[in-house]
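The values are calculated or read from the model by the stated rules, or taken from the named source; none is laboratory data. Just so we're clear, the structure is a prediction, and the values are computed from it rather than from any experiment. Quick reminder, even Gly has a Cβ in these numbers, built from the backbone with ideal geometry, and neighbours come from all protein chains shown. For the accessible areas, the whole protein counts, side chains as well, though only heavy atoms, and no ligand, DNA or RNA atoms are used. Shrake-Rupley method; radii C 1.70, N 1.55, O 1.52, S 1.80 Å.
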Amino acid sequence: MGTKEEKKEPTPLKNNVKPYGKVLLTLKNQLLPEEKLANTPSQNDGLSMDAETDLRIHGCEQIQTAGILLKLPQVAMATGQVLLQRFYYSKSLVRHPVEHTAMACVCLASKIEEAPRRVRDVVNVFTHIRQVNSGNPIHPVVLDENYIHLKNMVIKAERRVLKELGFCVHIKHPHKIIVMYLQVLGFQNNQKLMQYSWNYMNDSLRTDVFVRYQPETVACACIYLTSRKLKIPLPKSPHWYTIFGASEPEIRDICIRILKLYNRPKSNIEDLEQQVEKLCEKYKSNLRAKTKGASGAVSPNNNSQEHQKTSAHNAWGGFISRSGSHMPPPVNDKRSRSRSETRSPDRRHHKKLSKKHRSRTRSPKNHKKDRKRKSYSRSRSNTPHKQRKTRDRKRSRSHSNEREGKNDRYIDRYEDKYDRERKYKDDRDGKHKEDRERYDERKERNSKKYERDEKYREREDNYKEREEKYGTREERYSAKAEKRSKKAKHRDRSESRSKDKRRRS
(Lines give C-alpha, C1' and ligand atoms only; values in the text may rest on other atoms or scores of the structure.)
Protein backbone atom coordinates (compact mmCIF):
# COMPACT_ATOMS: atom_id res chain seq x y z
CA MET A 1 0.00 0.00 0.00
CA GLY A 2 2.84 2.38 0.92
CA THR A 3 4.88 1.73 -2.21
CA LYS A 4 5.14 4.61 -4.64
CA GLU A 5 4.04 4.10 -8.19
CA GLU A 6 7.03 4.01 -10.46
CA LYS A 7 6.81 6.44 -13.37
CA LYS A 8 7.08 4.74 -16.74
CA GLU A 9 9.79 6.25 -18.89
CA PRO A 10 8.76 7.02 -22.48
CA THR A 11 10.07 4.45 -24.90
CA PRO A 12 12.49 5.94 -27.44
CA LEU A 13 11.32 6.02 -31.04
CA LYS A 14 12.81 3.53 -33.42
CA ASN A 15 15.15 4.70 -36.12
CA ASN A 16 13.31 2.79 -38.84
CA VAL A 17 10.08 4.79 -38.52
CA LYS A 18 8.36 5.44 -41.84
CA PRO A 19 8.18 9.23 -42.49
CA TYR A 20 4.63 10.31 -43.35
CA GLY A 21 3.74 13.27 -45.54
CA LYS A 22 2.10 16.38 -44.15
CA VAL A 23 -0.22 19.06 -45.49
CA LEU A 24 0.40 22.63 -44.35
CA LEU A 25 -2.86 24.63 -44.30
CA THR A 26 -2.01 28.36 -44.28
CA LEU A 27 -3.00 31.39 -46.33
CA LYS A 28 0.61 32.00 -47.41
CA ASN A 29 1.28 28.67 -49.11
CA GLN A 30 -0.81 29.62 -52.18
CA LEU A 31 2.28 31.11 -53.88
CA LEU A 32 4.10 28.83 -56.29
CA PRO A 33 7.89 28.61 -56.81
CA GLU A 34 9.50 29.97 -59.96
CA GLU A 35 10.27 26.47 -61.25
CA LYS A 36 6.57 25.55 -61.51
CA LEU A 37 5.68 28.92 -63.02
CA ALA A 38 8.32 28.60 -65.78
CA ASN A 39 7.55 25.10 -67.13
CA THR A 40 3.83 24.37 -66.95
CA PRO A 41 2.33 20.92 -67.70
CA SER A 42 0.49 22.38 -70.71
CA GLN A 43 3.75 23.56 -72.28
CA ASN A 44 5.28 20.13 -71.63
CA ASP A 45 2.38 18.60 -73.61
CA GLY A 46 3.15 20.84 -76.61
CA LEU A 47 0.80 23.80 -76.05
CA SER A 48 2.31 27.20 -76.78
CA MET A 49 2.58 29.86 -74.09
CA ASP A 50 0.25 32.31 -75.88
CA ALA A 51 -2.42 29.63 -76.38
CA GLU A 52 -2.20 28.66 -72.72
CA THR A 53 -2.58 32.28 -71.62
CA ASP A 54 -5.58 32.77 -73.91
CA LEU A 55 -7.26 29.63 -72.54
CA ARG A 56 -6.63 30.76 -68.96
CA ILE A 57 -8.17 34.17 -69.72
CA HIS A 58 -11.14 32.50 -71.42
CA GLY A 59 -11.75 30.24 -68.40
CA CYS A 60 -11.59 33.20 -65.99
CA GLU A 61 -14.01 35.22 -68.15
CA GLN A 62 -16.44 32.31 -68.18
CA ILE A 63 -16.28 32.09 -64.36
CA GLN A 64 -16.89 35.86 -64.05
CA THR A 65 -19.88 35.81 -66.44
CA ALA A 66 -21.37 32.70 -64.82
CA GLY A 67 -20.99 34.26 -61.37
CA ILE A 68 -22.89 37.37 -62.51
CA LEU A 69 -25.71 35.25 -63.97
CA LEU A 70 -25.82 33.06 -60.84
CA LYS A 71 -25.84 36.21 -58.64
CA LEU A 72 -22.75 35.14 -56.72
CA PRO A 73 -20.75 37.62 -54.62
CA GLN A 74 -17.58 39.03 -56.20
CA VAL A 75 -15.43 37.21 -53.63
CA ALA A 76 -16.78 33.84 -54.85
CA MET A 77 -15.95 34.71 -58.49
CA ALA A 78 -12.44 35.77 -57.48
CA THR A 79 -11.94 32.51 -55.55
CA GLY A 80 -13.00 30.45 -58.58
CA GLN A 81 -10.56 32.26 -60.88
CA VAL A 82 -7.63 31.84 -58.48
CA LEU A 83 -8.45 28.13 -58.10
CA LEU A 84 -8.44 27.75 -61.91
CA GLN A 85 -5.05 29.46 -62.22
CA ARG A 86 -3.53 27.32 -59.47
CA PHE A 87 -4.97 24.07 -60.84
CA TYR A 88 -3.45 24.49 -64.29
CA TYR A 89 0.03 24.84 -62.80
CA SER A 90 -0.24 21.19 -61.67
CA LYS A 91 -2.37 19.75 -64.52
CA SER A 92 -2.38 20.22 -68.28
CA LEU A 93 -4.97 22.06 -70.35
CA VAL A 94 -4.60 19.33 -72.98
CA ARG A 95 -5.79 16.53 -70.69
CA HIS A 96 -8.39 18.49 -68.71
CA PRO A 97 -10.84 20.76 -70.62
CA VAL A 98 -11.13 24.38 -69.51
CA GLU A 99 -14.94 24.44 -69.48
CA HIS A 100 -15.32 21.46 -67.13
CA THR A 101 -12.68 22.87 -64.78
CA ALA A 102 -14.33 26.32 -64.84
CA MET A 103 -17.71 24.76 -63.89
CA ALA A 104 -16.03 22.80 -61.09
CA CYS A 105 -14.28 25.95 -59.80
CA VAL A 106 -17.60 27.86 -59.74
CA CYS A 107 -19.27 25.05 -57.74
CA LEU A 108 -16.33 24.81 -55.34
CA ALA A 109 -15.96 28.58 -54.88
CA SER A 110 -19.68 28.98 -54.16
CA LYS A 111 -19.37 26.39 -51.38
CA ILE A 112 -16.20 27.99 -49.97
CA GLU A 113 -17.74 31.47 -49.81
CA GLU A 114 -21.00 30.10 -48.30
CA ALA A 115 -23.20 30.85 -51.31
CA PRO A 116 -23.70 27.33 -52.73
CA ARG A 117 -25.25 26.76 -56.15
CA ARG A 118 -26.53 23.52 -57.66
CA VAL A 119 -24.55 21.73 -60.36
CA ARG A 120 -27.64 21.83 -62.58
CA ASP A 121 -27.78 25.65 -62.37
CA VAL A 122 -24.07 25.92 -63.19
CA VAL A 123 -24.45 23.64 -66.24
CA ASN A 124 -27.48 25.65 -67.45
CA VAL A 125 -25.59 28.95 -67.14
CA PHE A 126 -22.46 27.68 -68.94
CA THR A 127 -24.61 26.23 -71.75
CA HIS A 128 -26.36 29.60 -72.10
CA ILE A 129 -22.99 31.42 -72.26
CA ARG A 130 -21.73 29.01 -74.96
CA GLN A 131 -24.88 29.51 -77.04
CA VAL A 132 -24.63 33.31 -76.79
CA ASN A 133 -20.91 33.40 -77.65
CA SER A 134 -21.33 31.10 -80.67
CA GLY A 135 -24.40 33.01 -81.93
CA ASN A 136 -26.63 29.93 -81.93
CA PRO A 137 -30.34 30.10 -81.00
CA ILE A 138 -30.83 29.77 -77.26
CA HIS A 139 -32.42 26.49 -76.18
CA PRO A 140 -32.90 25.10 -72.64
CA VAL A 141 -30.80 22.15 -71.48
CA VAL A 142 -32.45 18.79 -72.13
CA LEU A 143 -32.16 16.33 -69.23
CA ASP A 144 -30.84 13.39 -71.23
CA GLU A 145 -27.76 11.14 -71.11
CA ASN A 146 -25.47 13.95 -72.31
CA TYR A 147 -26.57 16.15 -69.42
CA ILE A 148 -25.99 13.34 -66.90
CA HIS A 149 -22.54 12.65 -68.40
CA LEU A 150 -21.62 16.36 -68.23
CA LYS A 151 -22.83 16.61 -64.64
CA ASN A 152 -20.69 13.61 -63.63
CA MET A 153 -17.69 15.16 -65.40
CA VAL A 154 -18.16 18.40 -63.42
CA ILE A 155 -18.35 16.50 -60.11
CA LYS A 156 -15.20 14.53 -60.99
CA ALA A 157 -13.41 17.74 -62.00
CA GLU A 158 -14.34 19.32 -58.64
CA ARG A 159 -12.84 16.34 -56.78
CA ARG A 160 -9.72 16.54 -58.97
CA VAL A 161 -9.25 20.24 -58.17
CA LEU A 162 -9.52 19.53 -54.44
CA LYS A 163 -7.06 16.67 -54.70
CA GLU A 164 -4.47 18.60 -56.72
CA LEU A 165 -4.63 21.65 -54.45
CA GLY A 166 -4.35 19.47 -51.33
CA PHE A 167 -7.65 20.92 -50.02
CA CYS A 168 -5.88 24.30 -49.51
CA VAL A 169 -8.68 26.28 -51.11
CA HIS A 170 -9.15 29.22 -48.74
CA ILE A 171 -7.86 32.35 -50.46
CA LYS A 172 -7.21 35.79 -49.04
CA HIS A 173 -8.51 38.47 -51.42
CA PRO A 174 -7.36 42.13 -51.52
CA HIS A 175 -10.91 43.54 -51.71
CA LYS A 176 -10.98 44.65 -48.07
CA ILE A 177 -7.25 45.42 -48.08
CA ILE A 178 -7.69 48.12 -50.77
CA VAL A 179 -10.38 49.87 -48.72
CA MET A 180 -8.28 49.65 -45.56
CA TYR A 181 -5.13 51.02 -47.27
CA LEU A 182 -7.05 53.94 -48.78
CA GLN A 183 -8.46 54.75 -45.34
CA VAL A 184 -4.91 54.79 -43.95
CA LEU A 185 -3.78 57.08 -46.80
CA GLY A 186 -6.75 59.42 -46.20
CA PHE A 187 -8.59 58.75 -49.50
CA GLN A 188 -11.62 56.95 -48.10
CA ASN A 189 -13.96 59.62 -49.52
CA ASN A 190 -12.48 59.46 -53.02
CA GLN A 191 -14.93 57.03 -54.64
CA LYS A 192 -13.29 57.23 -58.07
CA LEU A 193 -9.90 56.15 -56.75
CA MET A 194 -11.46 53.28 -54.80
CA GLN A 195 -13.59 52.08 -57.74
CA TYR A 196 -10.68 52.17 -60.22
CA SER A 197 -8.43 50.26 -57.82
CA TRP A 198 -11.18 47.67 -57.34
CA ASN A 199 -11.58 47.31 -61.14
CA TYR A 200 -7.84 46.80 -61.67
CA MET A 201 -7.85 44.16 -58.96
CA ASN A 202 -10.77 42.29 -60.61
CA ASP A 203 -8.98 42.38 -63.98
CA SER A 204 -5.75 41.10 -62.42
CA LEU A 205 -7.58 37.86 -61.56
CA ARG A 206 -7.21 36.81 -65.23
CA THR A 207 -3.43 36.88 -64.89
CA ASP A 208 -1.11 34.77 -62.71
CA VAL A 209 -0.50 37.66 -60.29
CA PHE A 210 -2.22 35.97 -57.34
CA VAL A 211 0.01 32.91 -57.72
CA ARG A 212 3.22 34.99 -57.72
CA TYR A 213 2.64 37.70 -55.08
CA GLN A 214 0.86 38.19 -51.78
CA PRO A 215 -2.58 39.92 -51.81
CA GLU A 216 -1.17 42.94 -49.88
CA THR A 217 1.34 43.57 -52.69
CA VAL A 218 -1.42 43.23 -55.33
CA ALA A 219 -3.56 45.77 -53.45
CA CYS A 220 -0.64 48.24 -53.35
CA ALA A 221 -0.04 47.75 -57.10
CA CYS A 222 -3.72 48.44 -57.92
CA ILE A 223 -3.66 51.67 -55.85
CA TYR A 224 -0.32 52.67 -57.45
CA LEU A 225 -1.68 52.12 -60.99
CA THR A 226 -4.91 54.03 -60.25
CA SER A 227 -3.07 57.00 -58.74
CA ARG A 228 -0.85 57.19 -61.86
CA LYS A 229 -3.90 57.08 -64.14
CA LEU A 230 -5.92 59.69 -62.22
CA LYS A 231 -2.74 61.77 -61.47
CA ILE A 232 -3.30 61.76 -57.72
CA PRO A 233 -0.10 62.38 -55.72
CA LEU A 234 0.79 59.91 -52.96
CA PRO A 235 3.45 60.19 -50.22
CA LYS A 236 7.05 59.64 -51.43
CA SER A 237 9.29 60.27 -48.44
CA PRO A 238 9.19 57.50 -47.42
CA HIS A 239 7.27 55.70 -50.14
CA TRP A 240 3.76 54.85 -48.98
CA TYR A 241 3.89 51.18 -50.08
CA THR A 242 6.89 50.42 -47.85
CA ILE A 243 4.57 50.76 -44.83
CA PHE A 244 2.53 47.84 -46.15
CA GLY A 245 5.54 45.61 -46.83
CA ALA A 246 5.70 45.98 -50.63
CA SER A 247 8.65 46.88 -52.86
CA GLU A 248 8.81 48.95 -56.06
CA PRO A 249 10.04 46.15 -58.40
CA GLU A 250 7.17 43.87 -57.34
CA ILE A 251 4.60 46.65 -57.82
CA ARG A 252 6.00 47.53 -61.27
CA ASP A 253 5.93 43.88 -62.35
CA ILE A 254 2.27 43.54 -61.30
CA CYS A 255 1.33 46.76 -63.12
CA ILE A 256 3.06 45.59 -66.33
CA ARG A 257 1.22 42.25 -66.22
CA ILE A 258 -2.15 43.99 -65.75
CA LEU A 259 -1.49 46.48 -68.58
CA LYS A 260 -0.40 43.68 -70.95
CA LEU A 261 -3.83 42.15 -70.45
CA TYR A 262 -5.47 45.24 -72.03
CA ASN A 263 -3.09 45.29 -75.02
CA ARG A 264 -3.69 41.60 -75.76
CA PRO A 265 -5.84 40.93 -78.89
CA LYS A 266 -9.04 38.95 -78.57
CA SER A 267 -8.46 35.25 -79.14
CA ASN A 268 -10.51 32.88 -81.32
CA ILE A 269 -11.81 30.15 -79.03
CA GLU A 270 -12.62 27.72 -81.85
CA ASP A 271 -9.00 27.73 -83.09
CA LEU A 272 -7.74 27.19 -79.54
CA GLU A 273 -10.11 24.25 -79.04
CA GLN A 274 -8.91 22.69 -82.32
CA GLN A 275 -5.28 22.99 -81.16
CA VAL A 276 -6.13 21.36 -77.85
CA GLU A 277 -8.02 18.52 -79.60
CA LYS A 278 -5.04 17.77 -81.87
CA LEU A 279 -2.63 17.68 -78.92
CA CYS A 280 -5.08 15.50 -76.97
CA GLU A 281 -5.27 12.97 -79.84
CA LYS A 282 -1.48 12.98 -80.08
CA TYR A 283 -1.18 12.36 -76.34
CA LYS A 284 -3.68 9.47 -76.51
CA SER A 285 -1.88 7.84 -79.45
CA ASN A 286 1.46 8.05 -77.59
CA LEU A 287 -0.19 6.52 -74.54
CA ARG A 288 -1.57 3.65 -76.62
CA ALA A 289 1.84 3.02 -78.17
CA LYS A 290 3.43 2.90 -74.70
CA THR A 291 0.86 0.43 -73.41
CA LYS A 292 1.34 -1.81 -76.49
CA GLY A 293 5.11 -1.76 -76.03
CA ALA A 294 4.76 -2.65 -72.36
CA SER A 295 2.41 -5.55 -73.15
CA GLY A 296 4.72 -6.88 -75.91
CA ALA A 297 7.75 -6.91 -73.60
CA VAL A 298 6.29 -9.76 -71.51
CA SER A 299 7.73 -13.17 -72.53
CA PRO A 300 5.62 -16.38 -72.80
CA ASN A 301 7.73 -18.13 -70.10
CA ASN A 302 6.80 -15.43 -67.61
CA ASN A 303 3.17 -15.84 -68.54
CA SER A 304 3.26 -19.58 -67.94
CA GLN A 305 4.96 -19.13 -64.56
CA GLU A 306 2.40 -16.51 -63.52
CA HIS A 307 -0.41 -18.81 -64.67
CA GLN A 308 0.97 -21.63 -62.55
CA LYS A 309 1.23 -19.39 -59.52
CA THR A 310 -2.30 -18.05 -59.88
CA SER A 311 -3.70 -21.53 -60.41
CA ALA A 312 -1.96 -22.71 -57.24
CA HIS A 313 -3.33 -19.82 -55.23
CA ASN A 314 -6.87 -19.95 -56.62
CA ALA A 315 -7.28 -23.71 -56.15
CA TRP A 316 -9.15 -23.28 -52.87
CA GLY A 317 -11.67 -20.85 -54.34
CA GLY A 318 -10.14 -17.79 -52.68
CA PHE A 319 -9.05 -19.42 -49.35
CA ILE A 320 -5.29 -18.93 -49.59
CA SER A 321 -3.06 -20.63 -47.03
CA ARG A 322 -1.02 -18.21 -44.91
CA SER A 323 1.91 -20.58 -44.35
CA GLY A 324 2.30 -21.34 -48.06
CA SER A 325 3.12 -25.00 -47.41
CA HIS A 326 -0.37 -26.32 -48.18
CA MET A 327 -1.15 -27.22 -51.75
CA PRO A 328 -4.48 -28.19 -53.29
CA PRO A 329 -5.41 -31.86 -52.85
CA PRO A 330 -4.94 -34.17 -55.85
CA VAL A 331 -8.02 -34.72 -57.98
CA ASN A 332 -8.83 -38.37 -58.88
CA ASP A 333 -9.99 -39.03 -62.39
CA LYS A 334 -11.85 -42.17 -61.35
CA ARG A 335 -15.38 -41.53 -60.21
CA SER A 336 -17.58 -44.01 -58.46
CA ARG A 337 -21.05 -44.61 -59.81
CA SER A 338 -22.75 -44.19 -56.46
CA ARG A 339 -23.83 -40.66 -55.56
CA SER A 340 -23.40 -41.16 -51.85
CA GLU A 341 -21.74 -38.26 -50.08
CA THR A 342 -18.14 -38.92 -49.04
CA ARG A 343 -17.26 -36.71 -46.11
CA SER A 344 -13.65 -35.73 -45.83
CA PRO A 345 -11.96 -32.96 -43.79
CA ASP A 346 -10.81 -31.26 -46.96
CA ARG A 347 -14.37 -30.45 -48.07
CA ARG A 348 -15.46 -28.55 -44.98
CA HIS A 349 -15.47 -25.22 -46.85
CA HIS A 350 -17.93 -26.42 -49.47
CA LYS A 351 -21.64 -25.88 -49.08
CA LYS A 352 -24.01 -28.66 -48.18
CA LEU A 353 -25.11 -30.74 -51.09
CA SER A 354 -28.61 -30.21 -52.43
CA LYS A 355 -31.31 -32.85 -52.42
CA LYS A 356 -30.56 -33.87 -56.01
CA HIS A 357 -26.95 -34.84 -55.20
CA ARG A 358 -27.62 -36.63 -51.96
CA SER A 359 -27.45 -40.40 -51.63
CA ARG A 360 -30.40 -42.36 -52.95
CA THR A 361 -29.50 -45.62 -51.14
CA ARG A 362 -32.20 -46.85 -48.83
CA SER A 363 -31.00 -49.61 -46.55
CA PRO A 364 -33.53 -52.01 -44.99
CA LYS A 365 -32.29 -50.96 -41.49
CA ASN A 366 -33.95 -47.56 -41.90
CA HIS A 367 -37.24 -49.23 -42.97
CA LYS A 368 -38.06 -51.76 -40.33
CA LYS A 369 -41.77 -51.84 -41.13
CA ASP A 370 -41.38 -52.53 -44.85
CA ARG A 371 -38.51 -55.03 -44.92
CA LYS A 372 -39.50 -56.49 -48.30
CA ARG A 373 -38.77 -53.15 -50.00
CA LYS A 374 -35.82 -53.32 -52.35
CA SER A 375 -32.89 -50.90 -52.33
CA TYR A 376 -32.69 -48.32 -55.13
CA SER A 377 -28.97 -47.62 -55.13
CA ARG A 378 -27.34 -46.86 -58.44
CA SER A 379 -24.46 -49.18 -57.76
CA ARG A 380 -24.10 -52.29 -59.94
CA SER A 381 -26.64 -54.96 -59.07
CA ASN A 382 -27.81 -58.29 -60.49
CA THR A 383 -31.22 -56.93 -61.57
CA PRO A 384 -32.22 -57.85 -65.14
CA HIS A 385 -31.82 -55.39 -67.96
CA LYS A 386 -35.61 -55.17 -68.71
CA GLN A 387 -36.43 -53.77 -65.28
CA ARG A 388 -33.94 -50.98 -65.76
CA LYS A 389 -35.45 -50.07 -69.15
CA THR A 390 -38.99 -49.89 -67.74
CA ARG A 391 -37.75 -47.76 -64.85
CA ASP A 392 -36.02 -45.35 -67.26
CA ARG A 393 -39.18 -45.11 -69.39
CA LYS A 394 -41.32 -44.26 -66.36
CA ARG A 395 -38.84 -41.57 -65.31
CA SER A 396 -38.74 -40.07 -68.81
CA ARG A 397 -42.56 -40.02 -68.91
CA SER A 398 -42.75 -38.34 -65.53
CA HIS A 399 -40.20 -35.72 -66.68
CA SER A 400 -42.14 -35.07 -69.90
CA ASN A 401 -45.39 -34.73 -67.92
CA GLU A 402 -43.75 -32.27 -65.56
CA ARG A 403 -42.46 -30.22 -68.48
CA GLU A 404 -45.88 -30.14 -70.11
CA GLY A 405 -47.46 -29.07 -66.83
CA LYS A 406 -44.89 -26.28 -66.46
CA ASN A 407 -45.48 -25.12 -70.04
CA ASP A 408 -49.22 -25.03 -69.43
CA ARG A 409 -48.69 -22.99 -66.32
CA TYR A 410 -46.45 -20.53 -68.17
CA ILE A 411 -48.99 -20.24 -71.02
CA ASP A 412 -51.84 -19.61 -68.54
CA ARG A 413 -49.77 -17.00 -66.75
CA TYR A 414 -48.92 -15.11 -69.95
CA GLU A 415 -52.54 -15.32 -71.15
CA ASP A 416 -53.73 -13.85 -67.86
CA LYS A 417 -51.13 -11.12 -68.18
CA TYR A 418 -52.19 -10.38 -71.76
CA ASP A 419 -55.87 -10.27 -70.72
CA ARG A 420 -55.03 -7.91 -67.89
CA GLU A 421 -53.05 -5.61 -70.19
CA ARG A 422 -55.80 -5.62 -72.81
CA LYS A 423 -58.43 -4.85 -70.15
CA TYR A 424 -56.26 -2.05 -68.78
CA LYS A 425 -55.81 -0.67 -72.30
CA ASP A 426 -59.55 -0.77 -72.99
CA ASP A 427 -60.29 0.97 -69.69
CA ARG A 428 -57.68 3.59 -70.46
CA ASP A 429 -59.06 4.19 -73.96
CA GLY A 430 -62.57 4.46 -72.52
CA LYS A 431 -61.38 6.99 -69.96
CA HIS A 432 -59.60 8.97 -72.67
CA LYS A 433 -62.79 8.96 -74.75
CA GLU A 434 -64.86 10.18 -71.80
CA ASP A 435 -62.31 12.88 -71.04
CA ARG A 436 -62.36 13.96 -74.68
CA GLU A 437 -66.16 14.21 -74.69
CA ARG A 438 -66.10 16.24 -71.48
CA TYR A 439 -63.47 18.50 -72.96
CA ASP A 440 -65.58 19.05 -76.11
CA GLU A 441 -68.69 19.85 -74.02
CA ARG A 442 -66.75 22.29 -71.92
CA LYS A 443 -65.33 23.87 -75.05
CA GLU A 444 -68.83 24.36 -76.51
CA ARG A 445 -70.05 25.87 -73.26
CA ASN A 446 -67.10 28.24 -73.16
CA SER A 447 -67.64 29.24 -76.80
CA LYS A 448 -71.31 30.04 -76.08
CA LYS A 449 -70.33 31.95 -73.01
CA TYR A 450 -67.76 33.85 -75.04
CA GLU A 451 -70.42 34.74 -77.65
CA ARG A 452 -72.73 35.94 -74.88
CA ASP A 453 -69.92 38.00 -73.42
CA GLU A 454 -69.26 39.53 -76.83
CA LYS A 455 -72.92 40.56 -77.12
CA TYR A 456 -72.79 42.12 -73.66
CA ARG A 457 -69.63 43.95 -74.61
CA GLU A 458 -71.28 45.30 -77.78
CA ARG A 459 -74.27 46.53 -75.75
CA GLU A 460 -72.00 48.19 -73.24
CA ASP A 461 -70.06 49.86 -76.04
CA ASN A 462 -73.33 51.15 -77.52
CA TYR A 463 -74.37 52.48 -74.11
CA LYS A 464 -71.04 54.22 -73.70
CA GLU A 465 -71.25 55.80 -77.16
CA ARG A 466 -74.81 57.02 -76.43
CA GLU A 467 -73.69 58.42 -73.08
CA GLU A 468 -70.78 60.21 -74.72
CA LYS A 469 -73.11 61.62 -77.36
CA TYR A 470 -76.23 62.39 -75.30
CA GLY A 471 -74.93 62.14 -71.75
CA THR A 472 -75.99 59.87 -68.95
CA ARG A 473 -79.59 59.17 -67.91
CA GLU A 474 -79.37 61.48 -64.92
CA GLU A 475 -78.06 64.31 -67.05
CA ARG A 476 -80.85 63.78 -69.58
CA TYR A 477 -83.51 63.67 -66.85
CA SER A 478 -82.12 66.83 -65.26
CA ALA A 479 -82.11 68.59 -68.67
CA LYS A 480 -85.74 67.60 -69.31
CA ALA A 481 -86.72 68.78 -65.83
CA GLU A 482 -85.04 72.15 -66.46
CA LYS A 483 -86.92 72.50 -69.73
CA ARG A 484 -90.23 71.72 -68.03
CA SER A 485 -89.52 74.19 -65.28
CA LYS A 486 -88.64 76.87 -67.86
CA LYS A 487 -91.83 76.17 -69.80
CA ALA A 488 -93.86 76.39 -66.60
CA LYS A 489 -92.28 79.72 -65.68
CA HIS A 490 -92.86 81.06 -69.18
CA ARG A 491 -96.51 79.93 -69.01
CA ASP A 492 -96.98 81.61 -65.61
CA ARG A 493 -95.51 84.85 -66.91
CA SER A 494 -97.70 84.86 -69.99
CA GLU A 495 -100.81 84.20 -67.89
CA SER A 496 -99.92 86.98 -65.48
CA ARG A 497 -99.38 89.41 -68.38
CA SER A 498 -102.74 88.54 -69.94
CA LYS A 499 -104.49 89.13 -66.57
CA ASP A 500 -102.82 92.53 -66.23
CA LYS A 501 -104.00 93.54 -69.71
CA ARG A 502 -107.57 92.51 -68.90
CA ARG A 503 -107.60 94.57 -65.73
CA ARG A 504 -106.29 97.65 -67.51
CA SER A 505 -108.87 97.35 -70.18
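Couplings 3J(HN,Hα) for the stretch 75-91, derived from phi with the Karplus relation 6.51 cos²θ - 1.76 cosθ + 1.60 (θ = phi - 60°), are 5, 5, 5, 5, 4, x, 5, 5, 4, 5, 4, 5, 5, 7, 8, 10, 10 Hz, where x marks Gly and Pro. The charge dipole of the stretch 21-166, taken about its Cα centre with unit charges on the Cβ of Lys, Arg, Asp and Glu (plus for the first two, minus for the last two), comes to roughly 560 debye. Accessible surface for T101 stands near 10 Å², nearest 10, in the context of the full protein assembly shown (1.4 Å probe).
Quick one: of K36/K91; K71/K111; K91/K156; K156/K284; K172/K236, which pairs are farther than 22 Å apart, Cα to Cα? Don't skip to the answer; put the middle values down first.
Numbers: K36/K91 11 Å; K71/K111 14 Å; K91/K156 14 Å; K156/K284 20 Å; K172/K236 28 Å.
Table pairs above 22 Å Cα-Cα are K172/K236.
Between D416 and V142, the FRET efficiency from the beta-carbon distance, with R0 = 60 Å, is close to 0.95.
By the gyration tensor of its Cα atoms, with a ≥ b ≥ c the square roots of the eigenvalues, what is the shape of the stretch 222-295: rounded for a/c under 1.5, prolate for a/b over b/c, or oblate? Display every interim value, and only then the final one.
Numbers: a/c = 8.41, a/b = 2.63, b/c = 3.20.
In terms of gyration-tensor shape, oblate.
Given 25 °C and 0.890 mPa s, how large is the Stokes-Einstein diffusion coefficient of the stretch 171-253 in µm²/s, with Rh as the Kirkwood radius over Cα pairs? Rounded to a whole number, D works out at 193 µm²/s.
For the stretch 141-146, 3J(HN,Hα) computed residue by residue from phi via the Karplus equation (6.51, -1.76, 1.60; θ = phi - 60°) reads 6, 8, 7, 10, 5, 5 Hz, glycine and proline entered as x. Based on the Kirkwood radius over alpha-carbon pairs, what value in µm²/s does the Stokes-Einstein equation return for the translational diffusion coefficient of the stretch 443-505 at 37 °C and 0.692 mPa s? The calculation lands on 204 µm²/s.
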